[in-house]
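The values are calculated or read from the model by the stated rules, or taken from the named source; none is laboratory data. What you are looking at is a predicted structure, and each value in this text was computed from that prediction instead of being measured. Cβ placement follows ideal geometry from the backbone for every residue including glycine, while neighbour counts extend to all protein chains displayed. Calculation scope for accessible area: heavy atoms of the full protein, side chains included, ligands and nucleic acids excluded. Shrake-Rupley method; radii C 1.70, N 1.55, O 1.52, S 1.80 Å.
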Amino acid sequence: MRRYISLACVALIVVMCMVAPVNAASIDNDIFIDVLDYNTDKINIRTLSGDTNSVSFTLPSWIPVRYIDTTVTITGVLPSRISCVVGSSTSTLTCEHIIGGLYRVYGFCQGSSNSLTISFEISGTCWVTFHRFEMSPSVTTTYDIEAYCEIVSAEYNSTIHYVPTDEINHRIFDSTDVYTDTFFYCYIWSDDWKLYDYIDFQLMFSCLEITSVTAVMGSINVPLSVSYIDGTSIDGNSFYYSMRMDVTGLDRTSNDYPMIVLMGRLNTGILNSVQFANCSGHVAINNFNPLFYYFSNLITSVSAGFSNVNAWISSQTNAIVSAIRGDSAPGNNFQDDVSQKDSELKDMVAIMDSVSKPDINNISVEVNDYVDPNILASSMSGISTVAASPIFSDVLLMAIILATAGYVLYGKR
């Protein structure tokens, strides 16, 4: 049994090690769970009409529901309103038509429960199929924040102080005509980084090329995800960079701060520019990891399976032992009979012990007191004749020998 449990634990560790780690690029997905994974029928086509106008879903446990995003196919009469019911809370959802009978239904919700219900207000009959159903038990709050971008090149040095409400958050400058001196650096950071879990930076560059992007905090590499759009214009190349910096694992007591270091080359003979388009900080609340529920359910199932196997093995073992021993009923009956006879003998001994015994001193051993001597003499004459017979003496001797042998061999029994 212990061997099987050990193997199951090893398998769980291997599976957990194979799970890809969450990084900054997956912030938008790691707080969502697929509700259909917890509903075995995957919600096939449901017919809704009249009072039967809702579809219920099972959740992995009693958890909060804050946001849902679904894609569904609706045929028949279109509902006038779609809402999400969680416990006693009802929230109206937005329904957007995609193409044909395909719709996207989404919106914020409130409430906590181990299930949720999507309710449709309809005046006739419709058929609904859920293709995808993602739910977030937490809300990622986003704030516009101030940031900085220091531009360093061979002939230009300036710092953009990005303020969300300012209209001028860019710099335009010339470059040297010497190609070997066209390199430039941008150092990008926010002084408020300690308040947030993730920070997004969006910047527009008009330059020859961007050669590298990284994020550091002193000698520590900081997780950074980068996506960009480049395009060729009449005046040169343009690049739009969106960068997300994960600061969740950094030491917030440090006097140092994380920054993005971007390197590139400038255009010669034409103007170059750097524009700070946006900076926002994100606070992740109630981060949710569905793997804990998967492994918890898996461990429960494995434990129940091993318990059933153990019970089955025990029952089979008892059956095998009974078959080897055979029927023990006759032996048990014999033991009961012996116990009963022993009890009866003990009762007889007790009765005999309770009888009053005469005093041996009061007993007369004189035969003459009880038997007439004349009659005794005539009787003994006959006995003497028989005892004098050689046959009688042989029989008597044989009886004595057998009695002696029996005592020696069997004791008093």
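Residue pairs whose Cβ atoms lie under 8 Å apart, sitting 6 or more positions apart in sequence or on different chains, and linking a residue in the stretch 221-239 that is closer than 17 Å to I172 by Cα and modelled with pLDDT of 90 or more to a partner that is open to solvent by less than 70 Å² (accessible area, probe 1.4 Å) and of a type in the set (V, I, T), are F239/I210. In the stretch 93-123, what count of residues is obtained for those that are in contact with a strand residue (DSSP E or B) (Cβ under 7 Å, 6 or more places away or on another chain) and not in a strand (DSSP E or B)? Here the count works out to 6. Among residues that are more than 31 Å from the chain's Cα centre (by Cα), within 30 Å of G264 (Cβ to Cβ), in a strand (DSSP E or B) and at pLDDT below 90, T142 is included.
Can you tell me which residues in the stretch 87-99 are touching a residue at least 24 places away in the same chain (Cβ under 8 Å) and open to solvent by less than 60 Å² (accessible area, probe 1.4 Å)? Listed by number, the residues that qualify are G87, L93. Here L203 fits the description: open to solvent by less than 60 Å² (accessible area, probe 1.4 Å) and of a type in the set (A, V, I, L, M).
Only one entry of E155, E167, E150, E134 meets the criterion of being out of contact with any strand residue (DSSP E or B) (no Cβ under 7 Å at 6 or more places or on another chain), open to solvent by 20 Å² or more (accessible area, probe 1.4 Å) and in contact (Cβ under 8 Å) with a residue 12 or more places away in the chain, and that entry is E155. Summed over the stretch 170-200, the residues that are within 17 Å of A147 (Cα to Cα) and open to solvent by less than 20 Å² (accessible area, probe 1.4 Å) give a count of 7. Residue count for the stretch 53-70, restricted to those that are within 19 Å of S138 (Cβ to Cβ), part of a strand (DSSP E or B), touching a residue at least 60 places away in the same chain (Cβ under 8 Å) and not acidic (D, E): 9. Listed by first and then second residue, the pairs linking a residue in the stretch 177-190 that is under 30 Å from N255 (Cβ atoms) to a residue that is assigned to a loop (DSSP other than H, G, I, E, B) and among the hydroxyl-bearing types (S, T, Y), with Cβ atoms under 9 Å apart and 6 or more places separating them unless they lie on different chains, are F184/Y156; F184/S175; W189/Y257; S190/Y196; S190/Y257.
Taken as a whole, the condition of being in contact with a strand residue (DSSP E or B) (Cβ under 7 Å, 6 or more places away or on another chain), surrounded by fewer than 16 Cβ atoms within 10 Å (Cβ to Cβ) and of a type in the set (G, A, S) applies to S212.
The single condition among (1) surrounded by 14 or more Cβ atoms within 10 Å (Cβ to Cβ); (2) touching a residue at least 60 places away in the same chain (Cβ under 8 Å); (3) in a strand (DSSP E or B) that C84 does not satisfy is (2).
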